[in-house]
Amino acid sequence: MNLAAQLKLDPTTEQAIALGRTLVASNAACDYISGIAWDSKTFRQFDLHRLCYRTARERFGLSAQAAIRCISKVADAYRLDRKAKRTFRPMGSAAYDQRILSYDLEASTVSIWSLAGRLRIPFVCGEHQRSMLANRKGETDLAFVRGRWYALANCSMPDPKATVPDGFLGVDLGVAQIAADSDGNLYSGSEIKSVRHRQRRLRAKLQAKQTRSAKRRLQKLSGKERRFAKHVNHVISKQIVAAAERTGRGIAVEELTGIRDRIRATRRQRGVLHSWAFAQLRAFLEYKAKRAGVRLVAVEPRNSSRECSACGHVEKRNRPHQSTLRCVACGFAAHADTNAARVIAGRVIAGRAAVSGPNVASCAAV
């Protein structure tokens, strides 16, 4: 499996200026190459190389390998679709390979190519990231984020031993409860909702002022809500995967792709709905499960919130309240999200999983 080890670089003022000039030149070269690709309808890396390699090097002062990385970046950008011309931010990240970036782990430094020549820059990271660097493979991205320089090294970590799960831990994703599992654990979303409501109100108030100090404050607040939500999703996904690993089970989650297009929301609900980071939580669950050797499958969620996990009866009247399920057929009652999680787990066990999720542990099908 591939993971990124994040290293914080500590360049001098002169080195930081050289890195900035290098990023600007690299992304300007990408814009130039993208224009040629769009005008000539040439999108394959090999063909683009023949068209603009020499001119890109001469015009932007790039080394041979840096020019090749720019051509590759443009070709990869058009691989998704070719409906629009791709443009690149001046300070967007740049990809480096082993020819233009190398590591000295003992000295905790990186040697990186720039327009000013090779720079030897110290880095800091945790012990976990340092251990990952022993398995680095492929490219490293140089990124400038909120005034700081980072190197994001791609590391190919060994896959854990595949295991066949003994049952599944169902996970229901939601807004009131970010997640609920079939063991009855609830992961509340009230704290995130409170932070988001407060941040939205503060942003609206500052945007209405239109003063210089208000704009500075908005810039300082930028990303705070997103980082908080990301932290909460990391914590929740880690706890769910740990519970599944400890009990030898797999994880069953809802397939919620496209849910924002399928449901209707009032004006007041739209802000909450569109800030719901269910895809991020799903992604965190996937890679943490893969790293732990836990199988994860995605299940069709239709009617999971109305189906009784005890008898299987499906009816709208089963949900008298948002947080309560009370089956009108058998009388079973439970928290609605816990019940939905049990339904999701039951659908996998019963062979009713309509969506075959990523076989993250490469183990035998259940």
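Since every read-out is calculated from the coordinates, none of them should be taken as a lab result. Given the structure is predicted, the values throughout are model-derived calculations rather than measurements. Neighbour counts run over all protein chains shown; Cβ positions are idealised from the backbone, glycine included.
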| note | Ranked from fewest to most other Cβ atoms within 10 Å of their own Cβ, Tyr103, Tyr96 fall in the order Tyr103, Tyr96
| remark: Here the gain from full extension of Val328 to His197, 0.36 nm per residue of separation minus their alpha-carbon distance, amounts to 43.5 nm
| message | Which one, Ala153, Ala340, Ala18, has the greatest fluctuation when you compute a Gaussian network model over the chain with C-alpha springs under 10 angstrom? | response | Ala18
| field | Most mobile listed residue (Leu256, Leu169, Leu105) in the chain, GNM with C-alpha springs under 10 Å | value | Leu105
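Two decimals is fine: what's Rg over Rh for the range 2-156, C-alpha atoms, Kirkwood radius as Rh? Mind dumping the intermediate values first?
Values: Rg = 15.8 Å, Rh = 16.0 Å.
Taking Rg over the Kirkwood Rh, I get 0.98.
If the chain between Leu105 and Lys220 were fully stretched, how many nm would it gain, using 0.36 nm times the residue separation less the Cα-Cα distance?
On the way: separation 115, 0.36 × 115 = 41.40 nm, distance 3.40 nm.
38.0 nm is the gain from fully extending Leu105 to Lys220.
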| task | Find which of Cys330, Pro90, Tyr103 sits farthest along the positive direction of the dipole of the chain, computed with +1 on the beta-carbon of Lys and Arg, -1 on that of Asp and Glu, about the Cα centre. | result | Pro90
| task | For the range 1-46, state the semi-axes of the equivalent ellipsoid (square roots of 5 times the eigenvalues of the alpha-carbon gyration tensor), sorted largest first and rounded to whole angstrom. | result | 30, 19, 5
| note | Here the net charge surrounding Asp183, from other residues whose Cβ is less than 15 Å away from its Cβ (Lys, Arg +1; Asp, Glu -1), is -2
| What is the Cα radius of gyration of the range 141-201 over 2.2 N^0.38 Å, N being its residue count? | 1.83
| request: Could you tell me how many degrees, from 0 to 90 and to the nearest 10, lie between the Cα long axis of helix 224-247 and the main elongation axis, the longest principal axis, of the Cα atoms of the chain? | output: 60
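Where the only charges are on Cβ atoms (+1 Lys, Arg; -1 Asp, Glu), what is the dipole of the chain about its Cα centre, to the nearest 20 debye? It would help to have the intermediate numbers written out before the result.
Working: 65 positive and 30 negative charges, 404 e Å.
It comes to approximately 1940 debye.
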| said: From Cα pairs below 8 angstrom and at least 6 apart in sequence, can you work out the relative contact order of the chain, rounded to a whole percent? | reply: 17
| note | Semi-axes of the range 168-349 from the Cα gyration tensor (sqrt of 5 times each eigenvalue, largest first, whole Å) come to 33, 21, 12
| field | Span from the the range 279-295 Cα centroid across to the the range 4-53 one, whole angstrom | value | 32
| field | Angle in degrees between helix 212-221 and the longest Cα principal axis of the chain, rounded to the nearest 10 | value | 70
| field | Partner lysines for Lys220 [C-alpha distance under 24 Å; skip if fewer than 8 residues away on the same chain] | value | Lys8, Lys193, Lys205, Lys209, Lys230
| request: Step through the residues of the range 118-123 one at a time and calculate ³J(HN,Hα) from phi using the Karplus curve (6.51 cos²θ - 1.76 cosθ + 1.60, θ = phi - 60°), rounding each to whole Hz and writing x for Gly and Pro. | output: 6, 10, 9, 10, x, 9
| field | Computed FRET value (nearest 0.05) for Thr211 with Met91, which takes r as the C-beta separation and R₀ as 25 Å | value | 0.40
| In degrees, nearest ten, helix 45-60 long axis to first principal axis of the chain (Cα) | 50
| said: What is the sum of charges, Lys and Arg at +1 and Asp and Glu at -1, for the other residues whose Cβ falls under 10 Å from the Cβ of Ala95? | reply: -2
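Of the chain, which part is the longest with no GluC sites (Glu not before Pro) in a loop (DSSP not H, G, I, E, B) and with at most 15 other C-beta atoms within 10 angstrom?
On the way: sites that count: Glu106, Glu315.
With GluC sites (Glu not before Pro) excluded where exposed in loops, the chain gives 107-314 as its longest stretch.
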